[in-house]
Every structure is written in structure tokens, then in C-alpha cells.
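The values are calculated or read from the model by the stated rules, or taken from the named source; none is laboratory data. Please read these numbers as outputs of a predicted model, since none were measured by experiment. For neighbour counting, all protein chains shown are included, and Cβ atoms are generated from backbone atoms with ideal geometry for every residue, glycine included. Accessible surface is based on the protein model in full, side chains and every heavy atom, while ligands, DNA and RNA are left aside. Shrake-Rupley method; radii C 1.70, N 1.55, O 1.52, S 1.80 Å.
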Amino acid sequence: MDIWFFLIQVLNGLQYGLLLFLVASGLTLIFGIMGIINLAHGSFYMLGAYLTFWLLQSVDSLLLAIVLALPISAAVGYLIEALLVRVLYRRDHLDQVLLTYGLILIFNEAQRMLWGGDVHGIKVPAALDWSIPLTDTLSYPVYRMAISAVCAALAVGMYLVIQRTRFGMWIRAGASNRDMVAALGINVNLLFGAVFALGAVLAALSGAIAAPISSIGPGMGDTVLIICFVVVVIGGVGSIKGAFLGALLIGLADTFGKVLAPDFASFSVYAVMAAVLLVKPRGLFA
Amino acid sequence: MSRLPRSLSILLSVAIILLGAYPLFGDVLFPNKHAFLMQKLTGIMIMAVMAMSLDLLVGVAGLVSMGHAAFFGLGGYMLAMLSPEYSAANLWVVLPAALVVVAIASAMVGYLSIRTSGIYFIMVTLAFGQMGFYFFNDSKLAGGSDGAYIMVKPAVEILGVSLLNLGDKRTLYYVGLGALVGVYLLLRVVLASPFGRVVSAIGVNENRVRGLGFDPVAYKLLAFTIGGTIAGLAGFLAAIQYGFVNPATLSWHHSGEALVMVILGGMGTLFGPAIGAFVFELAKMGFESVTEHWLLPMGAMIIGIVLLLPKGVGGLLLQLFSGRSKMEGGQ
Amino acid sequence: MNSMTSAVLDEGKVVLETRQLTKSFGGLVAVNSANYRFIERQAHAIIGPNGAGKSTFVNLLTGHFPPSSGEILFKGQRITDFPAHKVSRLGVGRSYQKTNVFPVFTCFENCRLAAQAQLPTSMRFLRPAAMYKEVNERADWALDLCGLKSRGDRVAGSMSYGEQRQLEIGMVLATGPEILVLDEPLAGMGKEESERMVGLLKDLARRFTLILIEHDMDAVFSIAEVLTVMVNGTVLESGPVETIRASKAVQDAYLGDGAEAY
């Protein structure tokens, strides 16, 4: 493996990892703050991709389509929290798993009814549809770099919001003590609704920006959900920092797994998880 | 496990007798659909075995596994991989071999998963289940994502004399019924044993069990392995029935369905999840006959169960027949 | 200066001992270099204000928490890092401050489960637990001793609070302990229930090595022979009940308001 090829794989791994972080951070936030395990999280990823695909039939710009898709996803997330998830706060994990599993079935079927069972693709926008040449034969696509940049910027933004703002303070307080937050006069229902909607938006955004470099099809949400579980298990449930490092680790493991052992590519991430569980059953950063 | 109320035992026995009699009078009742229904019921009874094995984990030991289908699927794949292409495998060889492999796999997954608890356990079992899915989906071991066929059903012979012809639909039906009744009785016996009492207690209060002098890890691991192996048996039987295995049998959607059966039937009651398998599969049939978008009402039904019927049909029956407000002494 | 060691009444055989036992949670030191010696067949009570580290001490002693440093010895054997189930098997039985019975089991089933600890292993799968004669006998014996003989068939969750507290102790007895570590057995009880429990504890004090954590001073004085006052995770004073009762330092630190305040 020459050095440029290796570098490209590292970049690919980081890009995939950053994208995974965006999805997994919503999952881990929702668990950390609200105590909810949300299997339907991957459905928001799918929703973001399909909404973008659908909106692109009416608008020209990918950016505009994504910008329009996000508030719709937020609204769907907020509604689901208000109508269904709210019942689950006082229930055990098993009920949470089942109810959100039921939601997945509904999401998947709704997707099929609205957009059919075909696999679709989205074009990379012209402005970003070029590559940076590295050697005579190797180059790196700019769009992938753009994805990495967006994800990294959002990671930093999320860190700042949680550590430095009042909203972030509420989130941190809500995570440790729901009743205390209520006592402070903060509307917990509204706060939790907002967190759930935020998680939905993060997942939908990931699905949307990843759409041009991957395919849009049935079941895409399930795949990403399970990889995110692996990320969260490795990083430690509820830990944003853990999700970040776990996501990078999995991004690299998956990418290099595909290069080094293509027959067992999907296997490598689980091998990493098993190894972490052997050494640190509660995750690397719990 | 304490006894069921007498009237409920009678009701369940009658249900089993009716199931046993069905192949004899089915073609009178449903002349057009008899063969189809008998096949369907065979499949449901096999799923009931799977649901009971999951109940041992979820309802009894308190281990919410979302990867149980991996062991079901592995059981089927073992049959496919051990069967010669154009001749019959010897059941006395392939069944034990398949179960041993599934037992080892469940023990390994269990060993890693049981180090975690709560929400972690759910995510880890789901991920390991999916690992099994990708193992067969991506590798060329047994047809990859296309799955594999079992052309000839295994032979059940003693000293060259054929005991059962598994190619016969009615025979297979009774094998399924036998598995259902046999596994139910086996699990009842195990749950009444010292081991079963400790496992039941772990499901209620693990820490107290530790304080009384039992190491919960060992008991949970063994319960996980037993549950996984029984699921493997169910998968093995399903593979005989359909003559085909594919990666979807290991997938987490299949695990999710089994979990729904357990809750729908009433977890911790053992007979409940078996009923849950019937209700679930019949509801699925009903939805499928009404709309091609049957997942929509199915999803709504699952959400409805969680919201309205948290103790399931089995809990309802126990309440009805015992007149007690809680599932006291049960489990 | 070395921390004080708990006192012993007439030299007897030391069955359980802690040396410089320490447990800290983050920056908070809950138990600080605690030195205790418990003598066979003696009733030893540990008192102290809320937050003195008594419950943490019990959790350390019974293997529920691993200590940060120090040692625990059972009959001279080092058991510092033993997990709870192993400590229990050695013969150190423990009851919980919060009622911790299995509510879905009957009273008898609760004791029978505990009595299974008498079997070399419960990894037995075919014969019903109800058919192990020695286990049933042990469970009956424990039920009888804790005063619930007539309640065997009651579902534990449906019994009165006081009875559940009795069952809590019955379960510990059924495991066949030599040493009983009882964490506030009187907590939350009414007057009548308390009297019955004190009677039971006095009976147990004659049969077992008793380590009692309790707030109720009258009960402590009537049951215990040795009294140790624990404050801020360390032994403040220790000695025969009468001595401690009269001690000025103890009265100031704890007995003066503590007994009333609780």
C-alpha cells in the first residue's frame, strides 16, 4: 500500500467516522438526557435522505433541498416525541425498544408507500464535483472533504452549545436530574421535545449530505442505526466525547476492513466492538 | 415455577389437543386451504419455540436480547452447511452438531454481552446479532446474500429403518407440535429446578441474588446459552420445513418480531409467548390479506400493545383465571 | 496517629476483622482507615449519625463494594477482594436497609431460594427445587426462627412491611451464616413491629455473631454487648455498651441529639 493510497483511506475513514458521529451524537444525547433508547433514530437518517431526494425534484440546489428538509425532520421528530416517546419516560427499556421498533416498521412502510422500493441516487452539486489530484492516478473528491468539514464544524458547534450556553446547561442539568430542571422553572416537556427534534435533525442532516456519495434505498436507516449502536457502545452511552472517538475508530476500522479483508468487511467493526467489550465493558469513555 | 391455575392448564391442554387433531379434520373445515394452513401452523409452532426460548432470557432472567434471531438463523445454516447436496443427511449427526455449534456461539456472545447490562445489553446483543447476519450475508460460505437450499430433508433412521419422513407435511407438523410441547415442558422443569429458581430471582433482583451467595454472571450466561440453543433448534426445524435458509433469518427484524411475540403473549409466563407467536403470525396473515402495506398496521399494533397491554395476553389470562391482581408466584 | 480500633469484650476468637479499611467515592472519603474486630458470638452494634459511613462499611464488609485500600480478614483469611456471593458463601450473611425480598415469590420460596445456597451449587436442572429435602428443612427452620412459620404460602409482596422485614432476615438465616450483618433492621417500623423485631434480634444475638447497624438507641442498648460509634468514616469510640453510653465524647458527638433527631 503506497503512502497516497493509505492517506486516501485515512481520509475516507475519517469522513465516514465524522458522519457516523453526527448520527450517533443524537442517539447518545437522547439516551443521556432523556433516558430513551430510540431504535427509530436511523429512520430520521433515512427521512433526511429521502426528503432531500424528493425536494430536489422541485428545487435545483442541493443546499436548498437540505435546508428545507431539516425543519420537516425537526417537526416529525418533535411530534413523535410529544405523541409517543413522552409515554416512555417512566417505562423500562424493553417498552422503549418495542415501541420504537413499531415506529421503524411504520417509517419503513411509509417510505415504501411514498417513494417506492427502488434505489435512488443524488448528483453531487456541480460546484463540488471535482477532485484534488494527489498523484498521477490518485485524487480525492472535494465533496467528501466538504462532508468532513461540515461534520467537524457541527461537532465543534455542538461542543460549544453544550458547554457554554444556557440551553446546554439545561441539557446537562436535565441529564442528571429531571425534577431539578422542572424545579428551575424550565419546561421539561419542551426541552425534551427540543432535544429529540435536535437528534432527528442531526440524523436527517447526515442522511442528506451523505446521499450524493451513497445510495438512497429501503433499509438504509437500519444499517446506520446498528453501526451507531456499535459506536455508542464503544464510546460509552451518553458520552458525546465517547461517541466522537468511537465514530472515528469505527469509520477507520470499516474503511480499512474493506480494503484489507473485503470478504469480511462488515465484520471488522463488530470485531472492534467485541475487543472493546472484553477490555472495557462500559465503553472506552464511560 | 409455580403451577398454573387448573382451569388455565385445562384450556392450554385443550388447545394442544385441538392442534394435534387439526391435520385429521382440517381438510373438512378448510377444503381449499388445508395444506396451506397446516404448513403455516407448522411454521407458527416453530416460532412459538423460538418465542419461549427468548422468554427464558427476557421474561425470566431479565436479559432483553435484540439478537436472538442470530441463533435461530445459525441453527438453520448449520443444517444447510452440513447437508450433502443431493442426498439426505443423518439427523442423529446433524442435529447434535448444529446444536453444539449454536451453543458455543451463544456462550461466546453471551460471555461478552453479559458483562454489560441494561441499555448496553440491548445494543450489544443487537450488534452481535447483526454481526451474524453479515457473516452469512457477505461471506461465500453458504450462498451469501442469496441464501442456501437444503435439497433433501435429513433422514431419521435407526439401524437403517426410517422412523419419520420429514418430507411429509403432516409428519413435519407433528414434529413442530412435539417441539412446542417438549420445549415448553422442558423449560417448565428447568424453571422449577434450583437453577431455574436462581435465574428467575435474578430477573427480579440481581443484586439480592448475589448477596445470597449466587454468582449471577454464571447463571445468566448459562440461561443465555440454553435460550440460544433452543432458538437454534427452532431455526434448524424451520430450515427443514422451508428447505431454504437466508441471512434474513438472522436479522434483527426477526429478533424484533420474536420480542414482540414475547411481550404480546406476556413475558415470564412461558405459555404466553407461545400464544404470542400464534397471535402475531395470524395478525400478520390478516394484515397481509388486507393490504400489501401490512407493516403499517403491524407497527401500529406493536405500539398499541406497549401502550395498552404491557402484560400481554398471557398476563390477561392469568389474571382472568387466577383472580389475582398480580402475576403472583408465577414466573 | 493510628486510627482507633473497635473494642472487644473478653478476648474471644476474632472472626471478622478490618485493617485500615478505606473507601472513597471521587473526593469523598466515606470510610476512612476503619479498624474493626468482631468476636465470635458477640453482638456488636455500630451507631453513628447519618452519613457516618455505616452503610458503606456494610457494603465493604460483605463484598458489595470493592474497598479503595485496607484489608478484610475472615478467620484470618484475606477476603478483601472477594465478590459478594463468595463472602456470603463463607458465612457472612447480610440483610438490607431497604426491603429486598422477591415480591413475586411466596414467603417460603424466598427462604427456599436462600437455602439453596446450602447446596454446593444450584447448577442443577431437572429435579424440582421443591424436592430437595435439606433445602426445604433449612427454609422451614429459617421461617420458624424469624417468626413467619405460619406465613409460608403468602406472596411476599402482599405481606405487611414488618413481615417483609422479618422475611428479609429469614432469608439471611436460610443461607446458613455464621455472622449476621444486619443493616438497620428496625428502619421504618411501627412500635409493635419494632418490639417483635427486637425480640427476634435478641434471640439471634444468642446464636450468631451479630453485627448490627441501627439508629434506635433503646434497641441497640438492649441487644448489643459491644458498641462502636462511627463518625465521618472512622471509629470515634468503642467499648462495652455501658461505657459508651456514659462517654462524654460520644454523647456530645452523637447520642445527645442524634438519637432524638432520627
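Looking at B:Glu288, B:Glu281, B:Glu292, which one is farther than 21 Å from B:Phe72 by Cα, out of contact with any Asp or Glu (no Cβ under 6 Å at 6 or more places or on another chain) and away from every other protein chain (no Cβ under 12 Å)? Steps first, please.
Values: B:Glu281 fails: farther than 21 Å from B:Phe72 by Cα; B:Glu292 fails: away from every other protein chain (no Cβ under 12 Å).
The conditions single out B:Glu288.
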Task: Which listed residue, of B:Gly232, B:Gly160, is surrounded by fewer than 22 Cβ atoms within 10 Å (Cβ to Cβ) and more than 14 Å from chain C (Cβ to nearest Cβ) - done: B:Gly160
- [ ] State whether one or more residues within the range B:174-184 are within 14 Å of chain C (Cβ to nearest Cβ), under 30 Å from C:Cys111 (Cβ atoms) and open to solvent by 10 Å² or more (accessible area, probe 1.4 Å).
- [x] no
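Taking the range B:6-47, which residues are polar (S, T, N, Q) and either assigned to a helix (DSSP H, G or I) or at pLDDT 95 or above (or both)?
Pass one, the range B:6-47, residues polar (S, T, N, Q): B:7, B:9, B:13, B:32, B:39, B:42.
B:Ser7, B:Ser9, B:Ser13, B:Gln39, B:Thr42, listed by residue number.
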- [ ] Please state which one of B:Thr125, B:Thr116 is assigned to a loop (DSSP other than H, G, I, E, B), at pLDDT 85 or above and over 19 Å from B:Asn246 (Cα atoms).
- [x] B:Thr116
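Just checking: which of the strands (runs of 3 or more DSSP E) contained wholly in the range C:180-254 hold 2 or more residues that are out of contact with any helix residue (DSSP H, G or I) (no Cβ under 8 Å at 6 or more places or on another chain)? Reasoning before the result, please.
Details: elements: C:209-213, C:226-231, C:234-240.
Here the list reads C:234-240.
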Task: Residue tally, condition out of contact with any Lys or Arg (no Cβ under 8 Å at 6 or more places or on another chain) and either surrounded by 21 or more Cβ atoms within 10 Å (Cβ to Cβ) or not assigned by TED's automatic domain parsing to the domain that holds C:Val172 (or both), over the range C:112-137 - done: 2
Open item on the list: Regarding the range A:172-191, can at least one residue be identified that is in contact (Cβ under 8 Å) with a residue 12 or more places away in the chain, more than 10 Å from chain B (Cβ to nearest Cβ) and within 30 Å of A:Gly117 (Cα to Cα)?
Closed with: no
- [ ] Determine if the range A:49-62 includes at least one residue that is under 19 Å from A:Val269 (Cβ atoms) and open to solvent by 30 Å² or more (accessible area, probe 1.4 Å).
- [x] no
Open item on the list: When you check C:Arg154 against the structure, is it more than 11 Å from the chain's Cα centre (by Cα) and over 24 Å from C:Ser55 (Cβ atoms), yes or no?
Closed with: yes
Task: Leading residue by the ranking (surrounded by the most Cβ atoms within 10 Å (Cβ to Cβ)) among those in the range C:90-103 that are closer than 17 Å to C:Pro67 by Cβ and more than 7 Å from every other protein chain (Cβ to nearest Cβ) - done: C:Val92
- [ ] Output the residues belonging to the range B:58-93 that are in a helix (DSSP H, G or I), open to solvent by 10 Å² or more (accessible area, probe 1.4 Å) and over 30 Å from A:Leu94 (Cβ atoms).
- [x] B:Ala80, B:Met81, B:Leu82, B:Leu91, B:Trp92, B:Val93
Open item on the list: Considering only residues that are of a type in the set (A, V, I, L, M, F, W, C) and open to solvent by less than 10 Å² (accessible area, probe 1.4 Å), which ones fall in the range C:191-229?
Closed with: C:Met197, C:Leu201, C:Leu204, C:Leu210, C:Ile211, C:Leu212, C:Ile213, C:Ala219, C:Val220, C:Val226, C:Leu227, C:Val229
Open item on the list: If I filter the range A:222-254 down to residues being crowded, with 22+ Cβ neighbours inside 10 Å and not in a helix (DSSP H, G or I), which single residue comes out as modelled with the highest pLDDT?
Closed with: A:Gly236
TODO: Could you tell me whether B:Gln319 is closer than 23 Å to B:Val14 by Cβ and either at pLDDT below 90 or within 14 Å of chain A (Cβ to nearest Cβ) (or both)?
DONE: yes
- [ ] Any residue in the range A:115-129 that's assigned to a loop (DSSP other than H, G, I, E, B): show its pairings with residues that are among the basic types (Lys, Arg) at Cβ separation under 9 Å, as long as the two are six or more apart or on different chains.
- [x] A:Asp129/A:Lys123
Open item on the list: Can you report the number of residues in the range A:115-174 which are open to solvent by less than 30 Å² (accessible area, probe 1.4 Å), aromatic (Phe, Trp, Tyr) and modelled with pLDDT of 85 or more?
Closed with: 1
- [ ] Consider A:Leu84 carefully, then state whether it is surrounded by 14 or more Cβ atoms within 10 Å (Cβ to Cβ) and of a type in the set (A, V, I, L, M, F, W, C).
- [x] yes
Task: Single residue of the range A:67-108 satisfying the filter (touching a residue at least 24 places away in the same chain (Cβ under 8 Å) and of a type in the set (D, E, K, R)) that is farthest from the other protein chains (Cβ to nearest Cβ) - done: A:Glu81
Open item on the list: Checking the structure you have, find out if any residue of the range B:277-294 is of a type in the set (D, E, K, R), in contact (Cβ under 8 Å) with a residue 12 or more places away in the chain, open to solvent by less than 30 Å² (accessible area, probe 1.4 Å) and assigned to a helix (DSSP H, G or I).
Closed with: yes
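Quick check: anything in the range B:202-212 open to solvent by less than 20 Å² (accessible area, probe 1.4 Å), facing chain C (nearest Cβ under 7 Å), within 20 Å of C:Gly91 (Cα to Cα) and not in a helix (DSSP H, G or I)? Talk me through it step by step, then tell me what you get.
Step one: filter the range B:202-212 for residues open to solvent by less than 20 Å² (accessible area, probe 1.4 Å), giving B:202, B:208-209, B:211-212.
Remaining after also requiring facing chain C (nearest Cβ under 7 Å): B:208, B:211-212.
Still in the running and within 20 Å of C:Gly91 (Cα to Cα): B:208, B:211-212.
In the following step, the residues that additionally are not in a helix (DSSP H, G or I) were identified as B:212.
There is at least one residue in the range B:202-212 that is open to solvent by less than 20 Å² (accessible area, probe 1.4 Å), facing chain C (nearest Cβ under 7 Å), within 20 Å of C:Gly91 (Cα to Cα) and not in a helix (DSSP H, G or I).
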Open item on the list: Out of everything in the range B:129-157 that is within 7 Å of chain A (Cβ to nearest Cβ) and at pLDDT 85 or above, what residue ends up being surrounded by the most Cβ atoms within 10 Å (Cβ to Cβ)?
Closed with: B:Gln130
Open item on the list: Would you confirm whether or not the range C:196-208 contains a residue that is within 10 Å of chain B (Cβ to nearest Cβ) and either within 13 Å of the chain's Cα centre (by Cα) or within 17 Å of C:Gln97 (Cα to Cα) (or both)?
Closed with: no
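Taking the condition more than 14 Å from chain A (Cβ to nearest Cβ), at pLDDT below 90 and either farther than 26 Å from B:Leu63 by Cβ or in contact with a strand residue (DSSP E or B) (Cβ under 7 Å, 6 or more places away or on another chain) (or both), does B:Phe244 pass?
Values: more than 14 Å from chain A (Cβ to nearest Cβ): yes; at pLDDT below 90: no; either farther than 26 Å from B:Leu63 by Cβ or in contact with a strand residue (DSSP E or B) (Cβ under 7 Å, 6 or more places away or on another chain) (or both): yes.
In short, no.
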Open item on the list: Criterion first (surrounded by 24 or more Cβ atoms within 10 Å (Cβ to Cβ), within 26 Å of B:Leu4 (Cα to Cα), within 12 Å of chain C (Cβ to nearest Cβ) and more than 13 Å from the chain's Cα centre (by Cα)) does B:Val189 satisfy it?
Closed with: no
TODO: Look at the range A:254-283 and say how many of its residues are more than 7 Å from every other protein chain (Cβ to nearest Cβ), within 19 Å of B:Ser113 (Cβ to Cβ) and aliphatic (A, V, I, L, M).
DONE: 6
Open item on the list: I'd like to check something: does the range A:205-218 contain any residue that is within 11 Å of chain B (Cβ to nearest Cβ), in a helix (DSSP H, G or I), open to solvent by less than 10 Å² (accessible area, probe 1.4 Å) and under 30 Å from B:Leu295 (Cα atoms)?
Closed with: no
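For the range C:68-89, which positions are open to solvent by 20 Å² or more (accessible area, probe 1.4 Å), outside any loop (DSSP other than H, G, I, E, B) and more than 9 Å from chain B (Cβ to nearest Cβ)? Talk me through it step by step, then tell me what you get.
From the range C:68-89, those open to solvent by 20 Å² or more (accessible area, probe 1.4 Å) are C:68-71, C:75-78, C:81-83, C:85-86, C:89; that's our starting set.
When the remaining residues are screened for being outside any loop (DSSP other than H, G, I, E, B), the result is C:69-71, C:77-78, C:85-86, C:89.
Matches in the range C:68-89: C:Ser69, C:Gly70, C:Glu71, C:Gln77, C:Arg78.
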